[in-house]
Amino acid sequence: MIHKILITGASGLVGSRLTEMLLEKGHLVSHLGRQKKTGNIPSFVWDVENKSVDLQAFEGVDTIIHLAGADIADQRWTAQRKKEILESRTHSTKLLFDTLKDHPHTVKTLVGASAIGYYGFGLDEEVFTEESKAGIGFLAEVTRQWEEQVDRIDKLGIRLVKVRIGIVLSEKGGALAEMAKPIRFGVGAPLGSGKQFLSWIHIDDLCAMFIQAVEDQSWHGAYNAVGINWVTNAELTKAIAHVLKKPLWLPPIPDFIMKLILGEMAGMVLNGSKVSSAKIQKAGFQFKYTDLKEALKNLLVR
Ligand SMILES: NC(=O)c1ccc[n+]([C@@H]2O[C@H](COP(=O)([O-])OP(=O)(O)OC[C@H]3O[C@@H](n4cnc5c(N)ncnc54)[C@H](OP(=O)(O)O)[C@@H]3O)[C@@H](O)[C@H]2O)c1
């Protein structure tokens with residue numbers, strides 16, 4: 001079945017690749033963002049702060065994929081930036097809710113991005129499942145409030161899927177691009193203890209998961225979007241260096257340096273979590289990339 005899908009925040013890392021993969025499968029895609037874009041994909045505008053949205057964006061749409069949110073890692077976490085990180089997610093979701101509540105529409109499914117940051121950071125032995133409670137800390141609180149808004153959409157009789165995204169591996173941006181940069185210059189090093197766990201997923205597997213969430217009507221509720229195994233920061237650093245054929249000779253960068261550079265944001269890279277993919281596997285999802293080095297080769301070696 002061909003779906004007509006409206007994607008919010010589609011100009012970002014995930015939305016760009018997801019759009020390509022949805023089009024390859026024959027789905028109809030349009031975008032809702034802060035600016036009108038030129039090109040082949042129908043583009044509509046919203047202004048989250050002023051609570052306005054072009055209602056034409058929803059015409060004939062059966063599925064919304066909601067990805068919009070201010071980047072959590074591109075600026076220091078000042079009070080103003082933290083507010084923007086939170087409200088770009090909660091207010092945009094509320095705007096979608098109010099629009100769908102107050103206007104006739106044809107939307108049957110909403111697939112919302114969330115994050116494994118929901119669980120906070122874990123102790124060594126702890127493995128988070130979709131049943132685990134929300135954790136503590138800024139990102140856990142942002143994600144909890146974001147999901148609280150998304151959950152209201154269920155009450156409108158719309159099938160709701162929440163994709164709790166792990167560390168997305170992509171050559172175009174995000175954690176991998178940042179980690180690979182110094183390694184390419186021969187000055188890479190693990191961060192902090194290097195023992196923090198990273199629950200990673202290849203961007204194509206993540207987008208395939210979003211597509212299955214759209215197509216498979218039995219999916220409902222929260223799903224962790226992480227691969228079948230996690231690695232430590234030191235293991236990931238080593239694997240990137242191996243794939244890029246670069247030396248790793250520097251000692252790990254101590255916590256205090258990371259804190260000096262990043263401020264409160266340092267917690268995000270100095271801590272980690274083990275997150276389970278059991279539910280997504282049980283739901284019939286088949287990963288293309290289960291081996292870290294294969295995933296890295298696919299992304300980094302051209
Ligand atoms: N990439 C990851 O590793 C990862 C991990 C966990 C969760 N996630 C979540 O998944 C979603 C998509 O991730 P991504 O990596 O594609 O993010 P991204 O590259 O930062 O893109 C997010 C998009 O959201 C829109 N946006 C940015 N600031 C906004 C604001 N203040 N108000 C409204 N919209 C705003 C922008 O689209 P327009 O310019 O078109 O409006 C932007 O392209 C995000 O919500 C992110 O938190 C990502």
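Just so you know, all these numbers are worked out from the coordinates, no wet-lab data involved. Since the model is a prediction, treat every value here as computed from it, not as a measurement. Cβ placement follows ideal geometry from the backbone for every residue including glycine, while neighbour counts extend to all protein chains displayed.
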Give the Debye-formula value of log10 I(q)/I(0) at each listed q (0.11, 0.16, 0.21 Å⁻¹), with one equal scatterer per alpha carbon of the range 42-171, two decimals each.
-0.43, -0.87, -1.32
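Taking the mean number of other Cβ atoms within 10 Å as a proxy for protection, how do you rank 253-261, 203-211, 287-295 from highest to lowest?
On the way: 253-261: 13.9, 203-211: 23.0, 287-295: 16.3.
Ranking the peptides 253-261, 203-211, 287-295 by packing returns 203-211, 287-295, 253-261.
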What distance in nm separates the simple spin-label points at E171 and S193, each placed 7 Å from Cα in the Cβ direction?
3.4
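If the limit is 20 Å between Cα atoms, which of K36/K108; K4/K155; K172/K282; K36/K162; K108/K279; K195/K293 go over it? Before the final figure, lay out the partial values.
On the way: K36/K108 25 Å; K4/K155 22 Å; K172/K282 30 Å; K36/K162 27 Å; K108/K279 23 Å; K195/K293 18 Å.
Exceeds cut-off: K36/K108; K4/K155; K172/K282; K36/K162; K108/K279.
How many percent of the alpha carbon pairs in the chain exceed a separation of 38 Å?
Working: 5337 of 45451 pairs.
For the chain, the fraction of Cα-Cα distances above 38 Å is 12 percent.
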Fully extended contour minus Cα-Cα distance, from T129 to N271, at 0.36 nm per residue:
49.3 nm
Here, S218 and Q75, labelled 7 Å along Cα→Cβ, have an inter-label distance in nm of 4.5
For the range 77-121 and the range 151-223, distance of Cα centres in Å:
17
Okay, helix-only estimate at 222 nm for the chain: each DSSP H run of n ≥ 4 adds -39500 (n - 2.57), divide by all residues, round to 500 deg cm²/dmol; what do you get?
-11500 deg cm²/dmol
Report relative contact order for the chain in percent, whole number only (criteria: Cα-Cα under 8 Å, sequence separation at least 6).
18
With +1 on the Cβ of every Lys and Arg and -1 on the Cβ of every Asp and Glu, and nothing else charged, how large is the dipole of the chain about its Cα centre, in debye rounded to the nearest 20?
580
In terms of the charge dipole of the range 4-300, which places +1 on Lys and Arg and -1 on Asp and Glu at the beta carbon, the residue among H91, T232, M258 farthest towards the positive end is M258
